[in-house]
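Notes follow once the structure below has been shown.
The values are calculated or read from the model by the stated rules, or taken from the named source; none is laboratory data. Everything quoted here is computed from the prediction, not taken from an experiment. All Cβ positions, glycine included, derive from the backbone under ideal geometry; neighbour counts span all protein chains shown.
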Amino acid sequence: METQTDNMLTQTPEIDLHQNDGKTVASSTVTSSTTNFALIFGAGVATGLLAMYFLDPTHGRRRWSLVRDKSLKFGRKTAIYSTKYARHLRNRAQGFKAMMSHPVPDREALAPEHRY
């Protein structure tokens, strides 16, 4: 008796040739169950590889420490950058406020040597 998984593994995509703007284009139709199976299988393989990488008795503790240290460094750098950028935006807003609070005088109100 053939199961659904066996059917997905032996299923071949159908190739459809059609004309698109005078050019022959090939498109394949793969069922969503085959795509889902491939995604789930790939996620399982990736999870297994990560588990092997970090749970290695020889080097796993060092790798965890590296991940922890890099994460902490990223957090510190992000905090510093966001503080600097907030200060930059505050200064820009203060400058804009100062510029808007002093309107530009009319051309005729200026002395002749200061007219543009």
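Filter the range 85-108 for residues that are surrounded by 10 or more Cβ atoms within 10 Å (Cβ to Cβ) and not hydrophobic (A, V, I, L, M, F, W, C) and give the result.
85, 87, 88, 90, 91, 92, 94, 95
If I ask for residues that are assigned to a helix (DSSP H, G or I), among the hydroxyl-bearing types (Ser, Thr, Tyr) and at pLDDT below 90, which ones from the range 47-91 would you list? Break it down into steps so the answer makes sense when it comes.
Residues of the range 47-91 assigned to a helix (DSSP H, G or I): 47-54, 60-91.
Among the residues that remain, those that are also among the hydroxyl-bearing types (Ser, Thr, Tyr) are: 47, 53, 65, 71, 78, 81-83, 85.
Selection gives 53 alone.
Would you check which residues across the range 48-65 are surrounded by 10 or more Cβ atoms within 10 Å (Cβ to Cβ) and not charged (D, E, K, R) and list them?
48, 49, 50, 51, 52, 53, 54, 55, 59, 60, 64, 65
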